[in-house]
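Written below as structure tokens is the structure these notes are about.
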Amino acid sequence: MARELHTARLLKKACISESAQCYHFDFVLEDLDSFPFISGQFISAVAPDVNGKQQTRAYSIASAANENRFELCVNRVPEGFFSNHLADLTDLPPGGSIRVHGPHGHFVLKQPITDSIFISTGTGIAPMRGYAQWLFPETGPDAGMDRSEGKDIWMVYGTRYESELYYREEFEALAARKPNFHYLPTLSRADESWKGLRGYVQEHVAGIVEKRAAKLGITLPVPPPDPNILPSELKFDIYAYICGLNNMVAGVREKLSSYGWHRKQIIFERYD
């Protein structure tokens, strides 16, 4: 069955990292009054390439639901048709449009909200930004609401250089306002001026888990849980949401599994 396509008009776009050639896009769906989706879902964009062949590319939505608008975070890829189509002003200037269908996907926050670790690299930050906007909305009719229920939320974001920390100012401002939101950027190729965390996300996720276990009086690793037990019934009721390239996702999953985590506590999406 053919998917229903909608026209998404570009309101604005901005390069948010010159070194990584990462772009932020703000779209409005002209043929819809509202576009309800759950933070963490994705849309699929459709367009013909230079040979007339229809190309489809999935992109995580980098925002929470907001009337008939949605936002994307996309890295330009060498010789990548769709990323260049979106990024180039000649192909898609403000006011231009693309065709999309969706929303799709199940990479969404589990209910009820628990203490959670958001783990991402690169444009894997997109759904994490959507989570943060839903948990702590700053605009729209729900502005000022706090859906976190006081749970601790750690956002561990890994990249190479300081210039590639997408949405850094937003997350730093959110962490300053909300004491239960912890923004932990880490750089793998930081220069001497960087005063923050260094290394890969796996190392810092491990630190969060070990500190929490110590606080609860739990010795790690714990015995592997019965897979039929609901994660909410475990004393160690914390979830990890992971998004990025396969190697990072596999590394974090392996690390968490080595602690005896319930497999349903580890939610992930990879884009390679």
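Take the stretch 59-89 and flag every residue that is among the charged types (D, E, K, R) and farther than 13 Å from ALA8 by Cβ.
The answer is GLU67, ARG76, GLU79, ASP88.
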Task: Residue list for the stretch 83-98, filter: at pLDDT 90 or above and more than 25 Å from the chain's Cα centre (by Cα) - done: PRO93, GLY95, GLY96
- [ ] Filter the stretch 53-79 down to residues that are part of a loop (DSSP other than H, G, I, E, B) and under 29 Å from TRP134 (Cβ atoms), then give me how many there are.
- [x] 8
Task: Any hit, the stretch 225-247, residues being more than 24 Å from the chain's Cα centre (by Cα) and among the polar types (S, T, N, Q) - done: yes
Open item on the list: Within the stretch 99-136, take every residue that is among the β-branched types (Val, Ile, Thr) and at pLDDT below 95 and give me the one that is surrounded by the fewest Cβ atoms within 10 Å (Cβ to Cβ).
Closed with: ILE113
Open item on the list: Can you go through GLY130, GLY80 and tell me which one is touching a strand residue (DSSP E or B) at 6+ places or on another chain (Cβ under 8 Å), among the small types (Gly, Ala, Ser) and closer than 21 Å to PHE27 by Cβ?
Closed with: GLY130
Open item on the list: Is it the case, given these coordinates, that MET155 is within 20 Å of VAL252 (Cβ to Cβ), of a type outside the set (Lys, Arg) and not in a helix (DSSP H, G or I)?
Closed with: yes
Open item on the list: Consider the stretch 10-31. How many of its residues are surrounded by 15 or more Cβ atoms within 10 Å (Cβ to Cβ) and either of a type in the set (A, V, I, L, M, F, W, C) or more than 26 Å from GLU169 (Cβ to Cβ) (or both)?
Closed with: 8
Task: Enumeration of residues in the stretch 178-192 that are in contact (Cβ under 8 Å) with a residue 24 or more places away in the chain and either out of contact with any Lys or Arg (no Cβ under 9 Å at 6 or more places or on another chain) or surrounded by 16 or more Cβ atoms within 10 Å (Cβ to Cβ) (or both) - done: LYS178, ASN180, PHE181, HIS182, TYR183, LEU184, PRO185, THR186, LEU187, ALA190, ASP191
TODO: Considering only the stretch 258-272, state which residues are loosely packed, with under 15 Cβ neighbours inside 10 Å and assigned to a helix (DSSP H, G or I).
DONE: SER258, ARG263
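The values are calculated or read from the model by the stated rules, or taken from the named source; none is laboratory data. All of these numbers come straight from a predicted model, not from anything done at the bench. In this analysis, Cβ positions are derived from the backbone assuming ideal geometry, glycine residues included, and neighbour counts consider all displayed protein chains.
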